[in-house]
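Asker: This is the structure, below, for whatever I ask next.
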């Protein structure tokens, strides 16, 4: 298969638009980069108080068991930041492309829900949802869109403590959602990998899975990543810059 590498928008648009028009099934993997364009910090806010903490203290089961209030204060802050953010041109373009496609699946590593707010219909959140709370005693899940929760930590109706409904370091991805992501990836004629560092597995492995299944793979990112040498086209731009041009 011909490999194209281009930072020229015109050349990339022409090639990708042709692939899009021929594709019957499209899958998209998005990462923190697309949400960063909406003002959401990729992990810790620049200059923020959370820079003093390690990921192991804030995003692991062990950290939650050690200090659930600290972990919830961090997630409460994240929820407040996300609540102020809006879907950007990249999110909206993906929703518009989905409306034109026969089969279109967004597989996202992001937990912020911006794809849903942009009106994407078929979204798989493989790393969970920050707006979901899960009881650590009975397992009951509920969604709470209030940016600030009281009290912290929150509690379930059964009396058990609740945790954020996200996938922490060292945890498995939700099986049903992951199986759907794999199915969509293997069925894709065209696979986009957008705004992800491609270092977090198993999600990053979907890129190679798509290639092995015969899909053309397009990377849209401002920087090179570990998968850049394996894709069919590297488009060096942000999602908000590149995706609207395909419309």
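Since every read-out is calculated from the coordinates, none of them should be taken as a lab result. These numbers were taken from a predicted model, which means no experiment stands behind them. A quick note on method: Cβ atoms are made from the backbone with ideal geometry, for glycine too, and the neighbour counts reach across all protein chains shown.
Asker: Ratio of the stretch 100-241's C-alpha Rg to 2.2 N^0.38 Å, to two decimals?
Answerer: 1.19
Asker: Among 12, 27, 213, which one moves the most in a GNM of the chain with springs linking Cα atoms closer than 10 Å?
Answerer: 213
Asker: Sticking with this one: How far, in nm, would the chain grow between residue 122 and residue 213 when pulled straight, counting 0.36 nm per residue and subtracting the alpha carbon separation?
Answerer: Full extension from residue 122 to residue 213 adds 30.7 nm.
Asker: OK, next. May I ask for the Rg/Rh ratio of the stretch 71-110, computed from Cα atoms with Rh as the Kirkwood radius, given to two decimals?
Answerer: Rg/Rh: 1.16.
Asker: A further question follows. Between Rg and the Kirkwood Rh of the stretch 36-182, both from Cα atoms, what is the Rg to Rh ratio?
Answerer: Expressed as Rg/Rh, it is 0.97.
Asker: Now a separate question. For the stretch 166-215, what D do you get in µm² per second when you plug the Kirkwood radius from alpha-carbon pairs into Stokes-Einstein at 10 °C and 1.306 mPa s?
Answerer: 137 µm²/s
Asker: State the extension gain, in nm to one decimal, for the chain segment bounded by residue 247 and residue 172, taking 0.36 nm per residue of separation less the distance between their alpha-carbons.
Answerer: Once the chain is fully extended between residue 247 and residue 172, it gains 23.4 nm.
Asker: Please check: in the Gaussian network model of the chain (C-alpha springs, under 10 Å), which one of 16, 207, 218 has the largest mean-square fluctuation.
Answerer: 16
Asker: Tell me, in nm to one decimal, what length is gained between residue 144 and residue 81 on full extension, where the rule is 0.36 nm per residue of separation less the Cα-Cα distance?
Answerer: Stretched fully, the residue 144-residue 81 segment lengthens by 21.2 nm.
Asker: Kindly provide the helix-only [θ] at 222 nm of the chain, computed as the sum of -39,500 (n - 2.57) over DSSP H runs of four or more divided by all residues, to the nearest 500 deg cm²/dmol?
Answerer: The helix contribution divided over the chain gives -10000 deg cm²/dmol.
Asker: Divide the volume of the convex hull of the Cα atoms of the chain by its number of residues and quote the answer in cubic angstrom per residue.
Answerer: 122 Å³
Asker: Continuing with the same structure: Take 104, 192, 169 and order them by how many other Cβ atoms sit within 10 Å, fewest up front.
Answerer: 169, 104, 192
Asker: Could you work out the relative contact order of the chain, using alpha carbon pairs under 8 angstrom and six or more residues apart, expressed as a whole percent?
Answerer: Worked out over the chain, it gives 28 percent.
Asker: Can you tell which of 232, 144, 76 shows the greatest fluctuation in a Gaussian network model of the chain with Cα springs below 10 Å?
Answerer: Residue with maximal mean-square fluctuation among 232, 144, 76: 144.
Asker: Rounded to the nearest 0.05, what FRET efficiency do residue 102 and residue 230 give with R0 = 30 Å and r taken as the Cβ-Cβ distance? Could you check?
Answerer: 0.70
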